[in-house]
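The values are calculated or read from the model by the stated rules, or taken from the named source; none is laboratory data. Computed from a predicted structure; not experimentally measured. In this analysis, Cβ positions are derived from the backbone assuming ideal geometry, glycine residues included, and neighbour counts consider all displayed protein chains. Heavy atoms of the whole protein, side chains included, go into the accessibility calculation; ligands, DNA and RNA do not. Shrake-Rupley method; radii C 1.70, N 1.55, O 1.52, S 1.80 Å.
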Amino acid sequence: MEGDDVNMAAAESTETDLDDMKRRLKEMEEEAAALREMQAKVEKEMGSVQDPAAAATSQANREEVDSRSVFVGNVDYSCTPEEVQQHFQSCGTVNRVTIRTDKYGQPKGYAYVEFLEAEAVQEALVLNESELHGRQLKVTAKRTNIPGMKQYRPRRSNPFMRPRGPFMAPYFFAPYGYGKVPRLRMATRYSPYF
């Protein structure tokens with residue numbers, strides 16, 4: 001009788017374990033389905049951005065905005081966007097002034113000024129080498145970056161590096177390794193070495 005009780009208890013514990021495992025498997029399947037749904041939603045949103053037609057229109061829009069904008073270099077670090085706007089107000093209606101900053105929020109020393117009219121860009125180019133906060137501004141027409149086209153910069157040579165080429169051992173090292181030259185010792189009667 002005891003053997004039957006043990007078998008019954010073992011069968012009941014196996015059934016409860018099996019039910020627990022089925023419940024956990026169902027929860028995991030539901031989570032996986034929710035993750036697949038979220039991933040499909042994100043891919044759909046990303047796909048609309050990477051759509052070639054949408055990319056072409058955004059590129060055309062960017063080129064149109066850049067044709068109404070100027071690059072302003074050598075801007076004083078304490079200069080505010082309002083001061084830059086007042087400086088370029090005589091050229092035309094200023095739509096936006098963007099002073100670029102680094103990752104710490106410090107100004108980089110240049111700005112972009114966007115106008116409402118494209119004709120204002122020619123007027124703004126006249127202000128090249130004008131002074132703002134005691135510094136001469138460098139004003140040029142803003143260029144449009146082409147995505148995926150990075151300008152190639154050749155590597156500068158370092159005067160402290162050895163030239164690359166076939167390896168040649170320097171002449172000032174001893175051929176026996178680590179710069180030590182073996183010395184020959186004379187055997188003497190009282191030498192501790194012999």
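The residues in segment 60-95 that are among the aliphatic types (A, V, I, L, M) and either open to solvent by 70 Å² or more (accessible area, probe 1.4 Å) or not in a strand (DSSP E or B) (or both) can be counted, and the count is 4. Remark: residue 40 falls outside the filter, which requires a residue to be more than 30 Å from residue 136 (Cβ to Cβ) and at pLDDT below 85. Counting only residues that are closer than 14 Å to residue 139 by Cβ and small (Gly, Ala, Ser), segment 68-108 holds 4 of them.
Taking the criterion of being within 21 Å of residue 63 (Cα to Cα) and loosely packed, with under 14 Cβ neighbours inside 10 Å, the residues of segment 99-140 that qualify are 100, 116, 117, 118, 119, 122, 125, 140.
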